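One structure below.
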Amino acid sequence: MSDLQSQNFDLPAVTVVKTTPPVSKERLQSQRKCYMGISLGNPVFQGGCLRALVLWATENFDETLVVVGDYLRRHNERILNGLDDDRAGAAAVKAGDIFLEQAGGLFEELANERLILTRWQEHLGSDEYERARALLDNLFESDADFRACVEKDAAAFVERLDGRGRPLAVTTQQAIEGSCRYLLEEIAVFSALAEQGWTVELYPGPELEVLVEIAKGTFENIPQGLKDRINIELSTD
């Protein structure tokens, strides 16, 4: 593995914290494709950290799929700004436009056969997504333990908003319900990507608790893609 980012750009070092589920070094090195979701508003996806992450991905994998999570943000627009569906969707897409403008041409600069840039809505129409979402929605309604796990992640997100002094435009319960919808959509896309061959996810932060439990085999009737995926938690120091 080269250290191109430090040598050429004086960027923060990118290191692997852990994988979920735990996998051997040999298995990890055999994976040649990865994807990285971009959480808008997360400062790690800005400036030198973003460049370091993208470079690390393209150096360590033959193909990297970048997924800008813009339209997914519409759930947060409802929670934080009280927008209706149409306005929330438009605001989310606009946030994606702004992110790409602020990335300063990074993706155009690095674009080649090894790096593919996509946006969230492109992943919502696939057969794999529709199958995974139907399974997850059914599980959320029928399995109390799965629902409780998703709700725990959702409540933790709402608590973080409160800790940052972000006022809600809806009640706490409505915010948790909206966050659950966000999470079900998000992990259904993850499942679809895995079914399409993108089994390795890179993310500079801890894995969702519901995905940790899925990796442990805690729940039945989980979409196959979620059983196959490997999350690599990265750190930028």
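Nothing in this text is a laboratory measurement; each read-out follows from the coordinates by a stated rule. Keep in mind the model is a prediction, meaning the values are calculated, not measured. A quick note on method: Cβ atoms are made from the backbone with ideal geometry, for glycine too, and the neighbour counts reach across all protein chains shown.
Computed values, structure above
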| read-out | value |
| --- | --- |
| Total residues in the stretch 155-187, condition in contact (Cβ under 8 Å) with a residue 60 or more places away in the chain, surrounded by 16 or more Cβ atoms within 10 Å (Cβ to Cβ), closer than 21 Å to L139 by Cα and more than 13 Å from the chain's Cα centre (by Cα) | 4 |
| Which listed residue, of F190, F140, is under 14 Å from V210 (Cβ atoms) and more than 17 Å from the chain's Cα centre (by Cα) | F140 |
| Restricting the stretch 22-46 to residues that are in a strand (DSSP E or B) and either touching a Pro at 6+ places or on another chain (Cβ under 7 Å) or hydrophobic (A, V, I, L, M, F, W, C) (or both), the residue that is surrounded by the fewest Cβ atoms within 10 Å (Cβ to Cβ) | C34 |
| The one condition in (1) of a type outside the set (S, T, N, Q); (2) in a helix (DSSP H, G or I); (3) closer than 25 Å to L193 by Cα; (4) out of contact with any helix residue (DSSP H, G or I) (no Cβ under 8 Å at 6 or more places or on another chain) that A132 fails to fulfil | (4) |
| Scan of the stretch 28-45 for residues that are in contact (Cβ under 8 Å) with a residue 60 or more places away in the chain, farther than 20 Å from A91 by Cβ and of a type outside the set (F, W, Y), ordered by number | L28, Q31, K33, C34, M36, V44 |
